[in-house]
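Read the structure below first, then the notes.
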Amino acid sequence: VDPTEQRVVEEIAGRRDELVALASELIAFDTTARHPEDPPRQEAELQGYLAERLARRGAAVDVWEPAPEDVAGTRQVVPGLGFEGRPQLAATFTGAGGGRSLLLNGHIDVVTPEPVDRWTSDPWRAEVRDGNLHGRGACDMKGGVACMTFAAEVLAQLGVRLAGDVVVCTVTDEESSGAGGIAAVRHGVRADAGIVTEPTGFDVWVACRGSLTPVIRVEGRPGHAEMRQPHWRAGGAVNAIEKMGVLLDAVRRLRDEWLTRPDKQHPYLAPGTIVPVVVRGGEWEITYPAACSLTCELMYLPANADADGWGTLVEAELREWIAAAAAADPWLREHPPTIDFGQDIPPSEVPPDHPLIAVMAGASADVGEPTRLGGLDSWYDAASFTRLGGTPCIGYGPRDIAWGHTIDEYVPVEDLVRCAQGLALAAMRWCGVADGGR
Ligand SMILES: [Zn+2]
(Lines give C-alpha, C1' and ligand atoms only; values in the text may rest on other atoms or scores of the structure.)
Protein backbone atom coordinates (compact mmCIF):
# COMPACT_ATOMS: atom_id res chain seq x y z
CA VAL A 1 0.00 0.00 0.00
CA ASP A 2 1.31 3.40 -0.96
CA PRO A 3 1.95 5.32 2.29
CA THR A 4 0.76 8.66 0.89
CA GLU A 5 -2.48 7.12 -0.31
CA GLN A 6 -2.89 5.43 3.05
CA ARG A 7 -2.45 8.75 4.83
CA VAL A 8 -5.04 10.44 2.61
CA VAL A 9 -7.59 7.67 3.10
CA GLU A 10 -7.13 7.69 6.89
CA GLU A 11 -7.30 11.47 7.06
CA ILE A 12 -10.66 11.50 5.28
CA ALA A 13 -12.02 8.72 7.51
CA GLY A 14 -10.84 10.56 10.62
CA ARG A 15 -12.53 13.77 9.57
CA ARG A 16 -15.89 12.29 8.56
CA ASP A 17 -17.75 14.72 10.81
CA GLU A 18 -16.27 17.62 8.83
CA LEU A 19 -17.41 15.99 5.60
CA VAL A 20 -20.93 15.56 6.95
CA ALA A 21 -20.90 19.16 8.18
CA LEU A 22 -19.89 20.36 4.71
CA ALA A 23 -22.70 18.38 3.04
CA SER A 24 -25.12 19.76 5.64
CA GLU A 25 -23.99 23.35 5.01
CA LEU A 26 -24.63 22.87 1.29
CA ILE A 27 -28.08 21.38 1.92
CA ALA A 28 -29.00 24.42 4.04
CA PHE A 29 -28.77 26.77 1.04
CA ASP A 30 -32.07 26.91 -0.85
CA THR A 31 -31.03 26.26 -4.44
CA THR A 32 -34.34 24.92 -5.75
CA ALA A 33 -34.27 24.44 -9.52
CA ARG A 34 -36.02 27.16 -11.48
CA HIS A 35 -38.43 27.75 -14.26
CA PRO A 36 -36.70 30.17 -16.66
CA GLU A 37 -38.39 33.27 -15.23
CA ASP A 38 -37.90 32.47 -11.52
CA PRO A 39 -35.73 34.81 -9.40
CA PRO A 40 -32.47 33.46 -7.96
CA ARG A 41 -32.46 31.82 -4.54
CA GLN A 42 -29.25 31.18 -2.59
CA GLU A 43 -27.04 30.06 -5.47
CA ALA A 44 -24.64 32.99 -5.02
CA GLU A 45 -24.37 32.35 -1.27
CA LEU A 46 -23.57 28.67 -1.80
CA GLN A 47 -20.98 29.36 -4.48
CA GLY A 48 -19.45 32.08 -2.31
CA TYR A 49 -19.21 29.66 0.59
CA LEU A 50 -17.39 27.06 -1.54
CA ALA A 51 -15.19 29.71 -3.17
CA GLU A 52 -14.05 30.97 0.21
CA ARG A 53 -13.25 27.45 1.46
CA LEU A 54 -11.37 26.43 -1.67
CA ALA A 55 -9.41 29.69 -1.85
CA ARG A 56 -8.34 29.15 1.75
CA ARG A 57 -6.83 25.81 0.67
CA GLY A 58 -4.86 27.45 -2.11
CA ALA A 59 -7.09 27.14 -5.15
CA ALA A 60 -7.29 29.88 -7.78
CA VAL A 61 -11.00 30.62 -7.66
CA ASP A 62 -13.13 31.93 -10.49
CA VAL A 63 -16.76 32.80 -9.75
CA TRP A 64 -18.68 34.38 -12.59
CA GLU A 65 -22.20 35.17 -13.76
CA PRO A 66 -22.61 34.03 -17.37
CA ALA A 67 -24.36 36.28 -19.88
CA PRO A 68 -27.35 34.95 -21.85
CA GLU A 69 -25.16 34.93 -25.00
CA ASP A 70 -22.83 32.48 -23.27
CA VAL A 71 -25.39 29.68 -23.61
CA ALA A 72 -27.02 30.81 -26.87
CA GLY A 73 -27.01 28.89 -30.12
CA THR A 74 -27.74 25.42 -28.79
CA ARG A 75 -30.93 23.40 -29.14
CA GLN A 76 -30.73 22.80 -25.39
CA VAL A 77 -31.28 26.14 -23.61
CA VAL A 78 -34.26 28.43 -24.05
CA PRO A 79 -33.15 31.65 -25.80
CA GLY A 80 -32.45 34.57 -23.50
CA LEU A 81 -31.94 32.54 -20.34
CA GLY A 82 -29.96 34.70 -17.91
CA PHE A 83 -27.87 33.96 -14.83
CA GLU A 84 -28.39 37.00 -12.64
CA GLY A 85 -27.72 35.88 -9.08
CA ARG A 86 -26.69 32.43 -10.31
CA PRO A 87 -22.90 32.37 -10.59
CA GLN A 88 -20.82 29.38 -11.65
CA LEU A 89 -17.60 28.37 -9.89
CA ALA A 90 -14.29 26.89 -11.03
CA ALA A 91 -11.48 26.48 -8.49
CA THR A 92 -8.13 25.28 -9.79
CA PHE A 93 -5.50 23.59 -7.67
CA THR A 94 -2.51 24.07 -9.93
CA GLY A 95 -0.32 21.02 -10.32
CA ALA A 96 3.47 20.93 -10.27
CA GLY A 97 3.45 20.09 -13.98
CA GLY A 98 3.85 17.03 -16.10
CA GLY A 99 0.62 15.31 -15.05
CA ARG A 100 -2.85 14.91 -16.46
CA SER A 101 -5.49 17.38 -15.30
CA LEU A 102 -8.77 16.34 -13.69
CA LEU A 103 -12.14 18.07 -13.58
CA LEU A 104 -14.44 17.40 -10.63
CA ASN A 105 -17.94 18.67 -11.39
CA GLY A 106 -21.28 18.81 -9.65
CA HIS A 107 -24.54 20.74 -9.82
CA ILE A 108 -25.79 22.79 -6.88
CA ASP A 109 -29.45 23.03 -7.87
CA VAL A 110 -31.94 20.62 -6.32
CA VAL A 111 -35.53 19.80 -7.21
CA THR A 112 -38.31 21.22 -5.07
CA PRO A 113 -38.80 19.40 -1.76
CA GLU A 114 -42.59 19.83 -1.96
CA PRO A 115 -44.72 18.48 -0.40
CA VAL A 116 -42.56 19.56 2.54
CA ASP A 117 -45.17 18.55 5.12
CA ARG A 118 -44.57 14.89 4.26
CA TRP A 119 -40.88 15.00 5.25
CA THR A 120 -39.82 13.50 8.58
CA SER A 121 -37.45 16.46 9.11
CA ASP A 122 -36.93 19.87 7.50
CA PRO A 123 -35.51 19.24 3.99
CA TRP A 124 -33.21 22.29 4.37
CA ARG A 125 -31.82 21.18 7.76
CA ALA A 126 -29.75 18.06 7.20
CA GLU A 127 -30.20 15.39 9.83
CA VAL A 128 -28.38 12.09 10.40
CA ARG A 129 -30.66 9.19 11.29
CA ASP A 130 -29.46 5.56 11.38
CA GLY A 131 -26.24 6.51 9.63
CA ASN A 132 -28.01 8.27 6.78
CA LEU A 133 -27.87 12.00 6.08
CA HIS A 134 -31.35 13.27 5.17
CA GLY A 135 -32.14 16.51 3.37
CA ARG A 136 -33.03 17.83 -0.07
CA GLY A 137 -30.02 17.25 -2.28
CA ALA A 138 -28.33 14.86 0.15
CA CYS A 139 -27.73 12.38 -2.67
CA ASP A 140 -28.64 14.45 -5.77
CA MET A 141 -26.13 15.86 -5.44
CA LYS A 142 -24.87 18.07 -2.63
CA GLY A 143 -23.43 14.93 -1.05
CA GLY A 144 -21.30 14.34 -4.13
CA VAL A 145 -20.31 18.02 -4.27
CA ALA A 146 -19.21 17.78 -0.63
CA CYS A 147 -17.16 14.64 -1.42
CA MET A 148 -15.27 16.16 -4.33
CA THR A 149 -14.68 19.44 -2.48
CA PHE A 150 -13.46 17.63 0.62
CA ALA A 151 -11.19 15.30 -1.38
CA ALA A 152 -9.47 18.30 -3.00
CA GLU A 153 -9.24 20.15 0.32
CA VAL A 154 -7.68 17.21 2.16
CA LEU A 155 -5.06 16.66 -0.56
CA ALA A 156 -4.13 20.34 -0.31
CA GLN A 157 -4.10 20.37 3.48
CA LEU A 158 -1.86 17.31 3.66
CA GLY A 159 0.52 18.94 1.21
CA VAL A 160 0.06 16.21 -1.39
CA ARG A 161 1.15 18.14 -4.45
CA LEU A 162 -0.24 16.62 -7.63
CA ALA A 163 1.49 16.83 -10.98
CA GLY A 164 -1.64 17.74 -12.93
CA ASP A 165 -4.25 20.41 -12.12
CA VAL A 166 -7.44 19.57 -10.25
CA VAL A 167 -10.39 21.77 -11.19
CA VAL A 168 -13.35 21.81 -8.79
CA CYS A 169 -16.37 23.14 -10.69
CA THR A 170 -19.90 23.67 -9.37
CA VAL A 171 -22.72 24.77 -11.65
CA THR A 172 -26.39 25.74 -11.56
CA ASP A 173 -29.33 24.67 -13.71
CA GLU A 174 -28.62 20.97 -14.21
CA GLU A 175 -32.10 19.89 -13.16
CA SER A 176 -33.77 22.21 -15.69
CA SER A 177 -31.68 22.48 -18.85
CA GLY A 178 -27.96 21.93 -18.25
CA ALA A 179 -27.38 25.63 -18.88
CA GLY A 180 -24.86 26.02 -16.04
CA GLY A 181 -22.64 23.23 -17.32
CA ILE A 182 -22.78 24.64 -20.85
CA ALA A 183 -21.84 28.06 -19.48
CA ALA A 184 -18.85 26.52 -17.70
CA VAL A 185 -17.68 24.79 -20.89
CA ARG A 186 -18.07 28.01 -22.89
CA HIS A 187 -16.15 29.85 -20.15
CA GLY A 188 -13.21 27.54 -20.75
CA VAL A 189 -13.52 25.09 -17.87
CA ARG A 190 -11.80 21.95 -19.10
CA ALA A 191 -9.34 19.20 -18.21
CA ASP A 192 -7.86 16.05 -19.70
CA ALA A 193 -10.77 14.11 -18.21
CA GLY A 194 -13.47 14.59 -15.62
CA ILE A 195 -15.65 13.03 -12.96
CA VAL A 196 -19.19 14.21 -12.22
CA THR A 197 -20.08 13.11 -8.70
CA GLU A 198 -23.73 12.24 -9.23
CA PRO A 199 -25.10 9.45 -6.99
CA THR A 200 -24.03 6.52 -9.16
CA GLY A 201 -23.99 4.01 -6.30
CA PHE A 202 -20.23 3.64 -6.93
CA ASP A 203 -20.84 2.52 -10.50
CA VAL A 204 -18.80 4.27 -13.16
CA TRP A 205 -21.23 5.83 -15.61
CA VAL A 206 -19.94 5.96 -19.16
CA ALA A 207 -23.08 7.09 -20.98
CA CYS A 208 -26.39 8.90 -20.69
CA ARG A 209 -29.48 9.21 -22.86
CA GLY A 210 -30.69 12.36 -24.55
CA SER A 211 -34.25 13.62 -24.61
CA LEU A 212 -36.77 15.45 -26.74
CA THR A 213 -40.19 16.69 -25.64
CA PRO A 214 -42.47 16.56 -28.69
CA VAL A 215 -45.92 18.14 -28.48
CA ILE A 216 -48.35 16.58 -30.96
CA ARG A 217 -51.48 18.59 -31.78
CA VAL A 218 -54.62 17.55 -33.61
CA GLU A 219 -57.69 19.56 -34.44
CA GLY A 220 -61.28 18.42 -34.46
CA ARG A 221 -64.43 20.32 -35.35
CA PRO A 222 -66.60 21.67 -32.52
CA GLY A 223 -70.30 20.95 -32.39
CA HIS A 224 -73.12 20.29 -29.90
CA ALA A 225 -72.15 17.20 -27.93
CA GLU A 226 -75.73 16.25 -27.04
CA MET A 227 -77.03 16.39 -30.60
CA ARG A 228 -76.86 13.82 -33.35
CA GLN A 229 -74.10 14.83 -35.79
CA PRO A 230 -73.96 14.29 -39.54
CA HIS A 231 -70.82 12.85 -41.14
CA TRP A 232 -67.93 15.27 -40.93
CA ARG A 233 -67.90 15.56 -44.75
CA ALA A 234 -71.43 16.84 -44.43
CA GLY A 235 -70.38 19.40 -41.79
CA GLY A 236 -70.62 17.23 -38.68
CA ALA A 237 -68.52 17.60 -35.55
CA VAL A 238 -65.20 15.76 -35.08
CA ASN A 239 -63.89 14.81 -31.66
CA ALA A 240 -60.24 15.94 -31.36
CA ILE A 241 -59.71 13.75 -28.27
CA GLU A 242 -60.79 10.63 -30.15
CA LYS A 243 -58.56 11.58 -33.08
CA MET A 244 -55.66 11.92 -30.64
CA GLY A 245 -56.47 8.36 -29.60
CA VAL A 246 -55.31 7.26 -33.05
CA LEU A 247 -51.95 8.95 -32.50
CA LEU A 248 -51.67 7.81 -28.90
CA ASP A 249 -51.91 4.27 -30.23
CA ALA A 250 -49.24 5.06 -32.82
CA VAL A 251 -46.92 6.34 -30.08
CA ARG A 252 -47.44 3.11 -28.13
CA ARG A 253 -46.64 1.01 -31.20
CA LEU A 254 -43.46 3.03 -31.84
CA ARG A 255 -42.35 2.48 -28.23
CA ASP A 256 -42.96 -1.26 -28.58
CA GLU A 257 -40.93 -1.36 -31.79
CA TRP A 258 -37.99 0.54 -30.25
CA LEU A 259 -37.93 -1.83 -27.28
CA THR A 260 -36.34 -4.54 -29.41
CA ARG A 261 -35.05 -2.71 -32.50
CA PRO A 262 -31.23 -3.13 -32.68
CA ASP A 263 -30.45 0.56 -33.26
CA LYS A 264 -32.29 1.48 -30.05
CA GLN A 265 -30.17 -0.76 -27.78
CA HIS A 266 -27.09 0.16 -25.69
CA PRO A 267 -25.02 -2.02 -23.33
CA TYR A 268 -25.31 0.43 -20.40
CA LEU A 269 -28.56 2.27 -21.13
CA ALA A 270 -32.25 1.46 -21.41
CA PRO A 271 -33.53 1.36 -25.01
CA GLY A 272 -34.75 4.50 -26.69
CA THR A 273 -38.37 5.17 -25.73
CA ILE A 274 -41.29 7.56 -26.00
CA VAL A 275 -43.73 8.06 -23.12
CA PRO A 276 -46.94 10.15 -23.19
CA VAL A 277 -46.76 12.51 -20.22
CA VAL A 278 -49.34 15.30 -20.66
CA VAL A 279 -52.61 15.37 -22.57
CA ARG A 280 -54.83 18.42 -22.93
CA GLY A 281 -58.05 18.65 -24.87
CA GLY A 282 -61.56 19.99 -24.93
CA GLU A 283 -63.22 23.31 -24.23
CA TRP A 284 -66.66 22.70 -22.76
CA GLU A 285 -68.73 19.83 -21.38
CA ILE A 286 -71.39 20.02 -24.05
CA THR A 287 -69.12 20.66 -27.03
CA TYR A 288 -67.15 18.29 -29.22
CA PRO A 289 -63.50 19.10 -28.46
CA ALA A 290 -61.93 21.29 -31.13
CA ALA A 291 -58.32 20.61 -30.18
CA CYS A 292 -56.17 18.11 -28.32
CA SER A 293 -52.45 18.07 -27.60
CA LEU A 294 -50.22 15.25 -26.40
CA THR A 295 -46.80 15.89 -24.86
CA CYS A 296 -44.34 13.02 -24.82
CA GLU A 297 -40.95 12.45 -23.23
CA LEU A 298 -38.73 10.85 -25.84
CA MET A 299 -35.36 9.38 -24.81
CA TYR A 300 -32.70 8.63 -27.41
CA LEU A 301 -29.31 6.96 -27.43
CA PRO A 302 -25.89 8.32 -28.41
CA ALA A 303 -26.00 6.16 -31.55
CA ASN A 304 -29.29 7.85 -32.59
CA ALA A 305 -27.84 11.37 -32.53
CA ASP A 306 -27.05 13.25 -35.75
CA ALA A 307 -23.51 14.17 -36.85
CA ASP A 308 -23.55 17.18 -34.51
CA GLY A 309 -24.80 15.14 -31.56
CA TRP A 310 -28.42 16.37 -31.64
CA GLY A 311 -31.75 14.61 -32.01
CA THR A 312 -32.78 15.77 -35.51
CA LEU A 313 -32.80 12.23 -36.94
CA VAL A 314 -35.10 11.03 -34.16
CA GLU A 315 -37.35 14.02 -34.76
CA ALA A 316 -37.61 13.06 -38.42
CA GLU A 317 -38.41 9.45 -37.54
CA LEU A 318 -41.24 10.51 -35.21
CA ARG A 319 -42.64 12.91 -37.81
CA GLU A 320 -42.75 10.13 -40.40
CA TRP A 321 -44.31 7.65 -37.99
CA ILE A 322 -47.05 10.07 -36.94
CA ALA A 323 -47.67 11.10 -40.55
CA ALA A 324 -48.11 7.45 -41.54
CA ALA A 325 -50.61 6.88 -38.72
CA ALA A 326 -52.48 10.03 -39.70
CA ALA A 327 -52.59 8.98 -43.35
CA ALA A 328 -54.66 5.92 -42.39
CA ASP A 329 -57.42 8.10 -40.89
CA PRO A 330 -59.57 10.09 -43.38
CA TRP A 331 -60.01 13.15 -41.11
CA LEU A 332 -56.36 13.26 -40.01
CA ARG A 333 -55.20 12.76 -43.61
CA GLU A 334 -56.97 16.01 -44.53
CA HIS A 335 -56.22 17.72 -41.19
CA PRO A 336 -52.68 16.56 -40.48
CA PRO A 337 -51.39 16.73 -36.92
CA THR A 338 -48.50 19.06 -36.11
CA ILE A 339 -45.48 18.29 -33.92
CA ASP A 340 -43.40 20.86 -32.05
CA PHE A 341 -40.11 19.83 -30.53
CA GLY A 342 -38.91 21.85 -27.57
CA GLN A 343 -35.54 21.50 -25.86
CA ASP A 344 -33.13 18.93 -27.25
CA ILE A 345 -31.00 17.49 -24.45
CA PRO A 346 -28.27 15.53 -26.25
CA PRO A 347 -26.94 12.11 -25.19
CA SER A 348 -23.31 11.36 -24.56
CA GLU A 349 -20.85 8.56 -23.93
CA VAL A 350 -17.16 7.95 -23.42
CA PRO A 351 -15.40 4.85 -24.73
CA PRO A 352 -15.48 2.07 -22.09
CA ASP A 353 -11.69 1.77 -22.41
CA HIS A 354 -11.01 5.43 -21.51
CA PRO A 355 -8.07 5.31 -19.05
CA LEU A 356 -9.87 7.33 -16.33
CA ILE A 357 -12.43 4.52 -16.02
CA ALA A 358 -9.83 1.97 -14.90
CA VAL A 359 -8.28 4.55 -12.56
CA MET A 360 -11.65 5.33 -10.96
CA ALA A 361 -12.70 1.69 -10.73
CA GLY A 362 -9.38 0.72 -9.16
CA ALA A 363 -9.55 3.54 -6.62
CA SER A 364 -13.12 2.67 -5.70
CA ALA A 365 -12.30 -0.99 -5.20
CA ASP A 366 -9.35 -0.02 -3.01
CA VAL A 367 -11.62 1.90 -0.63
CA GLY A 368 -14.01 -1.03 -0.38
CA GLU A 369 -16.53 -0.29 -3.12
CA PRO A 370 -16.07 -2.61 -6.11
CA THR A 371 -17.56 -0.87 -9.11
CA ARG A 372 -19.30 -1.80 -12.33
CA LEU A 373 -19.62 0.07 -15.58
CA GLY A 374 -23.01 1.62 -16.02
CA GLY A 375 -24.94 4.48 -17.51
CA LEU A 376 -27.61 7.00 -16.61
CA ASP A 377 -30.92 6.49 -18.42
CA SER A 378 -31.62 10.18 -17.77
CA TRP A 379 -29.13 13.01 -18.46
CA TYR A 380 -26.41 14.86 -16.54
CA ASP A 381 -23.77 17.52 -17.01
CA ALA A 382 -21.07 15.03 -18.05
CA ALA A 383 -22.63 15.22 -21.51
CA SER A 384 -21.84 18.92 -21.93
CA PHE A 385 -18.21 18.64 -20.86
CA THR A 386 -17.74 15.53 -23.01
CA ARG A 387 -19.50 16.78 -26.14
CA LEU A 388 -18.82 20.52 -26.10
CA GLY A 389 -15.70 20.96 -24.06
CA GLY A 390 -13.33 18.20 -25.03
CA THR A 391 -13.29 16.86 -21.46
CA PRO A 392 -14.37 13.20 -21.49
CA CYS A 393 -16.41 12.82 -18.31
CA ILE A 394 -17.56 9.83 -16.32
CA GLY A 395 -19.96 9.68 -13.39
CA TYR A 396 -18.94 8.36 -9.96
CA GLY A 397 -20.56 8.98 -6.61
CA PRO A 398 -22.40 7.62 -3.57
CA ARG A 399 -25.67 5.68 -3.37
CA ASP A 400 -28.19 6.12 -4.81
CA ILE A 401 -29.97 8.00 -7.56
CA ALA A 402 -33.10 6.05 -6.66
CA TRP A 403 -33.33 8.27 -3.55
CA GLY A 404 -32.93 11.49 -5.51
CA HIS A 405 -36.03 13.69 -5.90
CA THR A 406 -37.82 11.73 -3.11
CA ILE A 407 -39.41 12.68 0.19
CA ASP A 408 -36.83 12.10 2.98
CA GLU A 409 -34.01 11.95 0.38
CA TYR A 410 -30.80 10.66 1.96
CA VAL A 411 -27.25 9.49 1.44
CA PRO A 412 -25.40 7.05 3.73
CA VAL A 413 -22.66 8.84 5.69
CA GLU A 414 -20.38 5.87 5.06
CA ASP A 415 -20.87 6.37 1.31
CA LEU A 416 -19.79 10.00 1.58
CA VAL A 417 -16.59 8.92 3.29
CA ARG A 418 -15.80 6.22 0.73
CA CYS A 419 -16.69 8.45 -2.19
CA ALA A 420 -14.35 11.21 -0.95
CA GLN A 421 -11.63 8.59 -0.43
CA GLY A 422 -12.18 7.10 -3.89
CA LEU A 423 -12.07 10.53 -5.53
CA ALA A 424 -8.89 11.51 -3.69
CA LEU A 425 -7.13 8.30 -4.76
CA ALA A 426 -8.36 8.66 -8.32
CA ALA A 427 -7.03 12.24 -8.43
CA MET A 428 -3.63 11.11 -7.15
CA ARG A 429 -3.40 8.28 -9.65
CA TRP A 430 -4.77 10.23 -12.62
CA CYS A 431 -2.87 13.48 -12.05
CA GLY A 432 0.23 11.86 -10.55
CA VAL A 433 1.87 12.84 -7.27
CA ALA A 434 4.74 15.27 -7.79
CA ASP A 435 8.17 14.56 -6.31
CA GLY A 436 8.53 16.12 -2.90
CA GLY A 437 4.79 16.04 -2.43
CA ARG A 438 4.93 13.32 0.17
ZN1 LIG B 1 -28.23 15.23 -10.27
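Values for this structure:
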quantity	calculated
Verdict on Val154 being over 14 Å from Leu416 (Cβ atoms), surrounded by 15 or more Cβ atoms within 10 Å (Cβ to Cβ), β-branched (Val, Ile, Thr) and out of contact with any Cys (no Cβ under 8 Å at 6 or more places or on another chain)	no
Boolean, Val196 is more than 27 Å from Ile322 (Cβ to Cβ), touching a His at 6+ places or on another chain (Cβ under 9 Å) and more than 16 Å from the ligand (Cβ to nearest atom)	no
Whichever residue in segment 125-177 is within 30 Å of Val77 (Cβ to Cβ) and of a type in the set (Asp, Glu) and, among such residues, is nearest to the ligand (Cβ to nearest atom)	Asp140
Selection from segment 77-110 of residues that are within 16 Å of the ligand (Cβ to nearest atom) and assigned to a loop (DSSP other than H, G, I, E, B)	Ile108, Asp109
Subset of segment 256-272 [surrounded by 18 or more Cβ atoms within 10 Å (Cβ to Cβ) and either part of a helix (DSSP H, G or I) or not small (Gly, Ala, Ser) (or both)]	Trp258, Lys264, His266, Tyr268, Leu269, Pro271
Candidate set from segment 178-193 (those that are closer than 10 Å to Asp70 by Cβ and within 16 Å of the ligand (Cβ to nearest atom)); member that is surrounded by the most Cβ atoms within 10 Å (Cβ to Cβ)	Ala184
Residue list for segment 385-418, filter: in a helix (DSSP H, G or I) and within 13 Å of the ligand (Cβ to nearest atom)	Ile401, Ala402, Trp403
Single condition Phe83 does not satisfy, out of (1) over 19 Å from the mean Cα position of the chain (by Cα); (2) buried (at least 17 other Cβ atoms within 10 Å of the Cβ)	(1)
Qualifying residue in segment 182-190 (condition: within 13 Å of the chain's Cα centre (by Cα) and in contact (Cβ under 8 Å) with a residue 24 or more places away in the chain)	yes
Matching residues in segment 294-308 - criterion: being closer than 11 Å to His266 by Cα and either buried (at least 19 other Cβ atoms within 10 Å of the Cβ) or modelled with pLDDT under 95 (or both)	Tyr300, Leu301, Pro302, Asn304
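The values are calculated or read from the model by the stated rules, or taken from the named source; none is laboratory data. Small disclaimer: the values here were computed from a predicted structure and weren't measured. Heads up, the Cβs are rebuilt from the backbone with ideal geometry, glycines too, and the neighbour counts pull from every protein chain shown.
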